[in-house]
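One structure is given below, encoded as structure tokens.
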């Protein structure tokens, strides 16, 4: 499958709908991406203005048109509130692998939304994209994200010394991965 052939379908779980993001999501997204607690363990800065969020969403819409992005808006099935994002930061179909990432608004922490959304994205990756391996990274000290990755059945393969720079400070990163097993392929 050519990377240009990747589409972004609507995914539905018991409590969530994962769908394309649009510029109309700017207010809802800004409500959580402006929170410095959300960005404590990631390389991007909290958004200082709604304009920054609009620009980001315009970039996302362009990437969708170019079949170059696998990031879903995570919304609740009841009420359709945007509570976060989840998707693949990098997809490498030549090697049948992708890197998983997610962001959930702080007011929605502790409800299992990250795990539920990420499990569905992984299922899509293994089934629709025929991935063999899904990877994820989290900064050492990001216990909440590490718990999500373990719940997803991912294993910590390594701790990479000073792998990421977060606002000018290098930090160690744990590399997690899960392989598609024969029983998941139906064989």
Hey, can you tell me all the residues within the stretch 84-99 that are surrounded by 14 or more Cβ atoms within 10 Å (Cβ to Cβ), in contact with a strand residue (DSSP E or B) (Cβ under 6 Å, 6 or more places away or on another chain) and either under 16 Å from residue 122 (Cα atoms) or touching a residue at least 60 places away in the same chain (Cβ under 8 Å) (or both)?
85, 86, 87, 88, 89, 91, 97, 98, 99
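Could you tell me whether residue 128 is surrounded by fewer than 18 Cβ atoms within 10 Å (Cβ to Cβ), closer than 19 Å to residue 87 by Cβ and at pLDDT below 95?
yes
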For the list (1) surrounded by 17 or more Cβ atoms within 10 Å (Cβ to Cβ); (2) touching a helix residue (DSSP H, G or I) at 6+ places or on another chain (Cβ under 8 Å); (3) within 22 Å of residue 17 (Cα to Cα), I need the number of the one condition that residue 47 fails.
(3)
Verdict on residue 153 being assigned to a loop (DSSP other than H, G, I, E, B), over 15 Å from the mean Cα position of the chain (by Cα) and at pLDDT below 95:
no
Residue 111 fails exactly one of (1) under 18 Å from residue 12 (Cβ atoms); (2) assigned to a helix (DSSP H, G or I); (3) out of contact with any helix residue (DSSP H, G or I) (no Cβ under 6 Å at 6 or more places or on another chain), namely (2)
Look at the stretch 125-145 and say how many of its residues are touching a strand residue (DSSP E or B) at 6+ places or on another chain (Cβ under 6 Å) and not in a strand (DSSP E or B).
4
Selection from the stretch 46-70 of residues under 16 Å from the mean Cα position of the chain (by Cα) and in contact (Cβ under 8 Å) with a residue 60 or more places away in the chain yields 68, 69, 70
For residue 60, the lone unmet condition from (1) modelled with pLDDT of 95 or more; (2) out of contact with any strand residue (DSSP E or B) (no Cβ under 6 Å at 6 or more places or on another chain); (3) buried (at least 17 other Cβ atoms within 10 Å of the Cβ) is (1)
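The values are calculated or read from the model by the stated rules, or taken from the named source; none is laboratory data. Remember, it's a predicted structure, so these values are computed and weren't measured experimentally. So basically every Cβ, Gly included, is an ideal-geometry build from the backbone, and we count neighbours across all protein chains shown.
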